[in-house]
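See below for the structure under consideration.
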Amino acid sequence: MPACSSAGGPQGVPPLSQGAARQDSASHPDAAPPGALVGRLFVVATPIGTLGDFSSRAREVLAAVKLILAEDTRQTARLLAHFAIRTPMRAFHDHNEDQVTPTLIARLAAGDDLALVSDAGTPLMSDPGYRLVRSCRDAGIEVRCVPGPSAITAALSVAGVAPLPFTFAGFPPARAGARAAFLGRLAAFDHTLVLFLSPHRLAAELAACQAAFGANREAALLAELSKLYERCWRGPLGELAGRAAVEQARGEYTLVVAPPAPPVAHAVTPAEAGRALQAVLDRGLDLAAARRAAAQELKMSRRELYALLMSR
């Protein structure tokens with residue numbers, strides 16, 4: 001692991017900023033244009049469980065920026081200490097994002113590079129930061145991604161559920177009434193759903209999912225992703241809700257809900273085919289036109305309709 005240099009960046013890596021006149025190497029992926037005066041916001045993914053997933057680029061960026069914006073500075077401090085990164089931090093969360101964003105925009109405009117991290121995974125995915133990123137874009141400040149772990153894509157990759165298309169819905173609301181309404185809206189979706197579940201409300205949230213999506217809806221419940229005791233349970237939501245009652249919940253869970261099963265096609269009987277044909281004939285169509293119209297209404301070919309009529 002590269003050590004931190006006194007210049008603010010890891011040894012062998014050009015510093016991200018040099019004040020008013022940057023002299024970054026153009027070959028470095030995070031080098032700024034020569035002479036750039038405005039800083040950049042780096043949105044940096046952090047490990048969701050295993051420190052080995054922390055990329056060298058992420059470490060370089062966090063060591064080189066002027067300030068790290070952390071959802072929970074205590075959590076991020078442990079990560080930074082492990083990699084000997086000594087960059088100052090500032091708390092940045094849902095409760096202060098609107099208040100501190102103008103100050104951060106001013107620092108970026110003055111030439112400071114800043115980094116945004118969440119407690120784990122990719123920022124903005126059920127974490128603060130959207131308003132800051134939007135403000136940067138509106139102000140013409142460059143926002144760069146430093147991609148890495150995400151519980152969303154990690155869960156989809158191992159759940160055994162059709163991954164595309166999918167909707168990520170974040171955490172359900174904590175209050176029971178709002179949660180039921182939230183899940184009720186998702187029940188209208190006909191594709192895969194990904195949700196984060198709180199360990200403190202795991203049983204209640206799975207029971208609410210069962211009520212909204214049906215006890216027989218297939219799903220996968222994942223825990224400890226990328227850790228030693230990574231777990232994945234697959235089965236109907238009714239079974240997963242029962243498991244939650246005895247599960248010793250620790251850490252956040254990811255729930256991947258499979259698309260609803262397609263409806264079982266109704267088999268048209270010969271009698272129904274005859275009634276459909278007669279109804280069309282009663283509208284005054286000739287026999288050939290009536291057969292075409294009846295077959296279209298019954299969503300079958302004229303040959304299939306003829307076979308049904310002949311079997312009466």
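A compact table of results
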{"quantity": "Karplus-derived 3J(HN,Hα), 6.51/-1.76/1.60, for each residue of region 192-203, Hz, glycine and proline x", "calculated": "5, 10, 10, 10, 9, 10, 7, x, 6, 10, 4, 4"}
{"quantity": "In Hz, Karplus ³J(HN,Hα) per residue of region 206-213 (6.51, -1.76, 1.60; θ = phi - 60°; x = Gly, Pro)", "calculated": "5, 5, 5, 5, 4, 5, 7, 9"}
{"quantity": "Residue (of PRO165, ALA106, HIS82) at the positive-pole extreme of the chain, dipole from beta-carbon charges", "calculated": "PRO165"}
{"quantity": "Structure-based [θ]222 nm, the chain - -39500 (n - 2.57) summed over DSSP H runs of at least 4, per residue, nearest 500", "calculated": "-10500 deg cm²/dmol"}
{"quantity": "Extension reserve of the ALA188-ASP286 stretch, reckoned as 0.36 nm per residue once the Cα distance is removed", "calculated": "31.1 nm"}
{"quantity": "Computed over the chain, Kirkwood Rh from alpha-carbon pairs, angstrom", "calculated": "23.4 Å"}
{"quantity": "Cα radius of gyration and Dmax for region 41-149 (Å)", "calculated": "12.7, 36"}
{"quantity": "log10 of Debye I(q)/I(0), alpha-carbon scatterers only, for region 270-310 at 0.21, 0.32 Å⁻¹", "calculated": "-0.51, -1.17"}
{"quantity": "Protection proxy ranking of 64-70, 226-232 - average other beta-carbon atoms within 10 Å, highest first", "calculated": "64-70, 226-232"}
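All of the numbers you see were taken from the coordinates with simple rules; none came from a lab. Keep in mind the model is a prediction, meaning the values are calculated, not measured. Note that we place each Cβ from the backbone using ideal geometry, even for glycine, and neighbour counts take in every protein chain shown.
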